[in-house]
């Protein structure tokens, strides 16, 4: 990693990298609302207003996401823009009541993401890194066909499936990969923008790019149309529409969880485990961004996966780059000529550049799943969920039998595949199992109760003497370690026999440092009171320490 999350690149390099991210976000962010606007017959002036509002809110909400204001924001290089997950619901709302109704539904559904984030501790066994990896892979799978259509062109137009489109896209890919693979570590920083620039030059010579309409727009200014206000004149007929928005928000939440996890793994070369507080902050920022989008009359947003791949390509994860990109988006919102010029980047150039990023994103999803291991249960979850997502993406599931009302959901591979993964994860966690629990006060006088409980459990599960001894020592060491805190909250032991493994989870609400990432030398030299943690690591396997809010979860296997 050339520049980590807390590093600051040189000033001009920082500005350029920020502009690069902004350029990659803008076209996709404004494209979705413009597609909906064209479908429902929105006026040209209101389209300009939509682009302005979308750019402004993307910049503001991205800054909050990256800066992390209090508990709101992830603190990683994650950008927000309009989400295609909402497209089906937004099209229905647009035909019913225009962008005023879209804005109102966005505001009303925004709290769902905040609520899901607040209760993340209680769904921690469902919203897992495996789920994040599945959703990231599905994002790549779903976006690739759309990008290929954009590269090929629109049927009936002059350049549809033309040699010019093919050559333009290939030049973009070749230059991007050439500088990414053969360039020095500094040249790699420029590979995305070099690829786009090469594609733009090729498209100009081949007659694809057309900037003749730019003179109609001023360099600085505001839209002249009236602001689009949320329309809350609702009735019972809008209830199915609201439910559709809730489903879209749920799918967007799952996508954002995956993005927040991948952002951590991509940004930290020494990544060891997921910081779920950063995931919570990401979802809080998403919810705030959705509410702001509604107040400004545009459609809901979500985190952008493509820019995470840019971090992997350039090896720059600096927050200061994110600040620059956010400020650029806000400034560009007040520069109609530049904004409109960016939207004129030819489809083959955007599509080819995005295909490189989707390939990197696909690999990131596979890596995330592999790092967490694939056992029998997770193999079923990953395989079935990806299969469902692929079937939905390519509209292969009985297309003649699916009603129009359900198509936006059934044909959304991210939604169907992600929710399939959620359901299967819930089933594997809720199925009947040999599970026992004990709740103790944070007091060493409770130790005899723990020993008696473990003796009874060992007899019930018919554990041999060695496993019983390891279980007793491991649980006592964790219990003793938690006594060193100022917390007086209860400590809960949950034990479950799964196949031949005894799974132990210890939960409490104390403030303690990680015990799954310890340095033996440091403990021996300066923390002799924590020597028991070395013993714990010797007696057990797969130790994981999870922090979510003010909750702790310590899990291990005997």
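The values are calculated or read from the model by the stated rules, or taken from the named source; none is laboratory data. Note that this is a predicted model, so its numbers are computed, not measured. Reconstructed Cβ throughout: ideal geometry from the backbone, glycine too, with neighbour counts over all protein chains shown.
Overview of values
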{"item": "Residues of the stretch 177-208 satisfying the condition of being assigned to a helix (DSSP H, G or I), over 22 Å from residue 341 (Cβ atoms) and more than 29 Å from the chain's Cα centre (by Cα)", "result": "182"}
{"item": "Hits in the stretch 11-26 - residues which are at pLDDT below 85 and more than 12 Å from residue 193 (Cβ to Cβ)", "result": "25, 26"}
{"item": "Sole residue being modelled with pLDDT of 90 or more, in a helix (DSSP H, G or I) and either buried (at least 24 other Cβ atoms within 10 Å of the Cβ) or not assigned by TED's automatic domain parsing to the domain that holds residue 247 (or both), chosen from 58, 29", "result": "58"}
{"item": "Criterion violated by residue 252 - all others in (1) at pLDDT below 80; (2) touching a helix residue (DSSP H, G or I) at 6+ places or on another chain (Cβ under 8 Å); (3) farther than 18 Å from residue 72 by Cβ satisfied", "result": "(3)"}
{"item": "Options 308, 390, 381, 345; residue that is over 21 Å from the mean Cα position of the chain (by Cα) and touching a residue at least 12 places away in the same chain (Cβ under 8 Å)", "result": "345"}
{"item": "Entirely in the stretch 267-361, the helices (runs of 4 or more DSSP H) that have 3 or more residues that are surrounded by fewer than 24 Cβ atoms within 10 Å (Cβ to Cβ), modelled with pLDDT of 80 or more and assigned by TED's automatic domain parsing to the domain that holds residue 67", "result": "276-295, 319-333"}
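Listed here are the residues, each with its yes/no results for (1) under 16 Å from the mean Cα position of the chain (by Cα); (2) at positive phi; (3) assigned to a helix (DSSP H, G or I).
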position	(1), (2), (3)
93	no, no, yes
102	no, no, yes
109	no, no, yes
135	yes, no, yes
156	no, yes, no
